[in-house]
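Below: the structure, in structure tokens.
The values are calculated or read from the model by the stated rules, or taken from the named source; none is laboratory data. Treat the numbers as computed from the prediction; the structure is a model and nothing was measured. FYI the Cβ positions are ideal-geometry reconstructions off the backbone, even for glycines, and counts take in every protein chain you see.
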Amino acid sequence: GENVEQHPSTLSVQEGDSAVIKCTYSDSASNYFPWYKQELGKGPQLIIDIRSNVGEKKDQRIAVTLNKTAKHFSLHITETQPEDSAVYFCAPTDSWGKLQFGAGTQVVVTP
Amino acid sequence: EPEVTQTPSHQVTQMGQEVILRCVPISNHLYFYWYRQILGQKVEFLVSFYNNEISEKSEIFDDQFSVERPDGSNFTLKIRSTKLEDSAMYFCASREQGLTTGELFFGEGSRLTVL
């Protein structure tokens with residue numbers, strides 16, 4: 001089965017700084033790589049995703065980079081704001097659509 | 001905006017009791033999932049459901065668990081005889097028709113507390 005590792009487990013950043021979270025996976029059959037944001041008391045919500053034929057994707061302050069050879073993908077948040085504070089999960093996905101979540105990264109943005 | 005809805009938001013039950021968690025997926029979605037999240041831990045896959053049958057299940061999804069789509073809108077998770085370790089947040093999720101990968105839409109979750 002898929003082994004997913006996510007680092008760091010917690011990340012504290014000053015407002016305006018950048019945050020980077022890395023996810024490593026083991027299943028070479030994974031071909032879809034989403035990042036989910038979970039706010040307290042809510043379900044995970046997709047914030048950005050990338051497919052295996054693309055190396056990088058950007059959406060305003062959020063970007064995802066994928067290195068399929070090395071089996072890792074990263075979430076980049078620039079110009080962090082207090083509302084970015086949440087738990088972020090990577091969830092590499094196989095061709096059957098099954099997500100395997102990483103352990104999560106608690107991001108705290110301090111004003 | 002269409003959303004996945006789950007009921008109840010919180011259920012407290014005694015160990016050994018049966019529990020049914022209900023979900024209404026987004027209307028044109030055909031792939032359905034249950035995940036659970038024990039407090040402070042990661043989200044874990046339980047089961048996927050497509051075309052009125054289970055397509056995949058995890059080791060967690062043992063004989064005490066079952067899923068059903070009793071009508072055209074509801075998708076339920078039943079736990080026959082709850083254990084203390086079943087206490088968790090249970091999330092239902094659905095995916096759009098025709099896509100095996102792509103955005104998974106999650107509900108707000110049902111918190112189950114087993115005493």
Give the residue, chosen from A:60, A:38, A:81, A:100, that is free of Cβ contacts under 8 Å to residues at least 40 places away in the same chain and not acidic (Asp, Glu).
-> A:60
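For every residue, the table says whether it meets (1) within 15 Å of the chain's Cα centre (by Cα); (2) of a type in the set (D, E, K, R); (3) modelled with pLDDT of 95 or more.
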site: A:32; (1), (2), (3): yes, no, no
site: A:61; (1), (2), (3): yes, yes, yes
site: A:64; (1), (2), (3): yes, no, yes
site: A:97; (1), (2), (3): no, no, no
site: A:111; (1), (2), (3): no, no, no
Restricting attention to region B:59-91, which residues are within 14 Å of chain A (Cβ to nearest Cβ) and either within 21 Å of residue B:40 (Cβ to Cβ) or surrounded by fewer than 14 Cβ atoms within 10 Å (Cβ to Cβ) (or both)?
-> B:59, B:60, B:88, B:89, B:90, B:91
Which one of these is of a type in the set (Lys, Arg) and away from chain B (no Cβ under 14 Å): A:42, A:22?
-> A:22
Members of region A:58-111 found to be among the hydrophobic types (A, V, I, L, M, F, W, C), within 14 Å of chain B (Cβ to nearest Cβ) and in contact with a Cys (Cβ under 8 Å, 6 or more places away or on another chain), listed by number = A:90, A:101
Filtered residues of region A:30-75 (kept if polar (S, T, N, Q) and either farther than 18 Å from residue A:109 by Cβ or assigned to a strand (DSSP E or B) (or both)) = A:30, A:31, A:38, A:45, A:52, A:53, A:65, A:67, A:69, A:74
Only one residue in B:109, B:40 is surrounded by 15 or more Cβ atoms within 10 Å (Cβ to Cβ) and within 14 Å of chain A (Cβ to nearest Cβ). Which one?
-> B:109
How many residues are outside any loop (DSSP other than H, G, I, E, B) and either at pLDDT below 95 or touching an Asp or Glu at 6+ places or on another chain (Cβ under 6 Å) (or both) if we restrict to region A:83-95?
-> 2
